Amino acid sequence: MELKPPPTVGPPLWLLAELTYRCPLHCVFCYNPVDYATQADELDTEGWLRVLHEGRALGAVQCGFSGGEPLLRDDLEVLVAEARKLGYYTNLLTSGVGLTAARAEALKAAGLDHVQLSFQDSTREVNDFLSHTKTFALKYQVAGLIKAQGWPMVMNVVIHRLNIDHIDRIIAMADELGAEYLELANTQYYSWALENREHLLPTAAQLRQAEATTARWREQLGERMRLFFVAPDYHDGRPKKCVNGWGSMFLTVAPDGTALPCHTARMLPGLAFPNVREHSLRHIWYESEGFNRYRGTGWMKEPCSSCDQREQDLGGCRCQAYMLAQDPAAADPVCPKSPHHGVVAQALARAEQPGGGVVERPLVFRDAATSRRLAQAA
Ligand code: FES
């Protein structure tokens, strides 16, 4: 079935090239699909170059290179150079593993505009535990390399129950390392984070404390570093306008060339997402069913279709609606008007119980064997 886009659809301003799902880290909140190990195929250099050209011709202005760990691709410098030549603003999203002085220099020469470096925590113990690797010291070195190349540094820390009480020290660390921006990204419960939700969901009091600490630092830091505290939708009680609206701005290309409106849309049932090996990005963006199905508000049913907030939040997140209500066209269950809101309320109530994060099931670390097991069980 081909659905036509609403006449107001603009170009995909943000192209995200997920170059690979391979990654040396094993983060418990990784947003890569839980079954990533069954999707080992990757576009070759020629394939990615074509994506970059077609994306720019469509009107994309920003290109992010992510993964997995994008530095595991040894053609990264070639792709960055081409993207820069085409006029994109280029951004590397990395764990830092693999960013040697020589590669930093080569990426600078290729024209890379900025680097987003992730940390798991301000302490070696928690950083190394959550990623199941000894990478804390290395990330410090990489922060130095980023500064030495004169790149603006965005530091990204995913926040959850196990590190939220360290937020004061996390901000101090980012300041010491000379970050220009710090993204304190409260965990979104998709993929591996959903598997581990009971361990990761903070209490409301933890969250309030973290917000107050962030506000205090904001005043103190002034212009030196910008702090973004990305509020968690579970606690907020308001659905987020996910990816700024389905097919409105973001175009993600997964490692195997599947084009998606968000990282996780591939799991949605009854929707086929086209592959860049078979279709042009123009066709994918404007004509494909995958990108048109949840554009705008025409797909909505109650309670979204008569809600006075429908243009503001666009019904929330389609992937979350599927994960929590088994219906991608349902209202996002984080919304109190959703008939499935009880699922979110229960998870929050459980987090408030003494030791609420202590569950019998151990944390599930991202790795290939677990991924295959979970894919088989699905
Ligand atoms: Fe897929 Fe929100 S993550 S629509």
Return the pairs, sorted by first residue and then second, in which the second residue is away from the ligand (no atom under 14 Å from the Cβ) and assigned to a loop (DSSP other than H, G, I, E, B), the first residue lies in region 222-249 and is under 24 Å from F273 (Cα atoms), the beta carbons are less than 6 Å apart, and the residues are 6+ apart or on different chains. M249/L13
Look at L92 and say whether it is closer than 21 Å to T20 by Cβ and either buried (at least 21 other Cβ atoms within 10 Å of the Cβ) or of a type in the set (S, T, N, Q) (or both). yes
Yes or no: region 64-71 includes at least one residue that is out of contact with any Lys or Arg (no Cβ under 7 Å at 6 or more places or on another chain), without any contact (Cβ under 8 Å) to a residue 60 or more places away in the chain and charged (D, E, K, R). no
Residues in region 26-60 that are farther than 12 Å from V253 by Cβ, of a type in the set (D, E) and part of a helix (DSSP H, G or I): how many? 1
Just to be sure, is C262 over 16 Å from D233 (Cα atoms) and of a type outside the set (V, I, T)? yes
Could you list all residues from region 254-264 that are in contact with a helix residue (DSSP H, G or I) (Cβ under 7 Å, 6 or more places away or on another chain) and surrounded by fewer than 20 Cβ atoms within 10 Å (Cβ to Cβ)? none
Just to be sure, is L25 modelled with pLDDT of 95 or more, touching a helix residue (DSSP H, G or I) at 6+ places or on another chain (Cβ under 6 Å) and on the phi < 0 side of the Ramachandran plot? no
Find the residue count for region 130-174, including only residues that are assigned to a loop (DSSP other than H, G, I, E, B) and either acidic (D, E) or under 24 Å from L363 (Cβ atoms) (or both). 8
Restricting the search to region 213-239, which residues are at pLDDT 95 or above, of a type in the set (D, E, K, R) and under 18 Å from the mean Cα position of the chain (by Cα)? none
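Of the residues Q346, Q312, which is within 16 Å of the ligand (Cβ to nearest atom), surrounded by fewer than 18 Cβ atoms within 10 Å (Cβ to Cβ) and not in a loop (DSSP other than H, G, I, E, B)? Quick ask: steps written out before the conclusion?
Details: Q346 fails: within 16 Å of the ligand (Cβ to nearest atom).
Within the list Q346, Q312, the selection yields Q312.
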Whichever residue in region 265-283 is away from the ligand (no atom under 16 Å from the Cβ) and in a helix (DSSP H, G or I) and, among such residues, is surrounded by the fewest Cβ atoms within 10 Å (Cβ to Cβ): R282
Among the residues of region 208-246 satisfying the criterion of being among the aliphatic types (A, V, I, L, M) and crowded, with 21+ Cβ neighbours inside 10 Å, which is farthest from the ligand (Cβ to nearest atom)? A210
Across (1) more than 22 Å from the chain's Cα centre (by Cα); (2) under 20 Å from E77 (Cβ atoms); (3) crowded, with 16+ Cβ neighbours inside 10 Å, L177 clears everything bar (2)
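The values are calculated or read from the model by the stated rules, or taken from the named source; none is laboratory data. Here the structure is a predicted model, which is why all the values come from computation and not from measurement. Every residue, glycine as well, gets a Cβ built from its backbone with ideal geometry; the counts of neighbours run over all protein chains shown.
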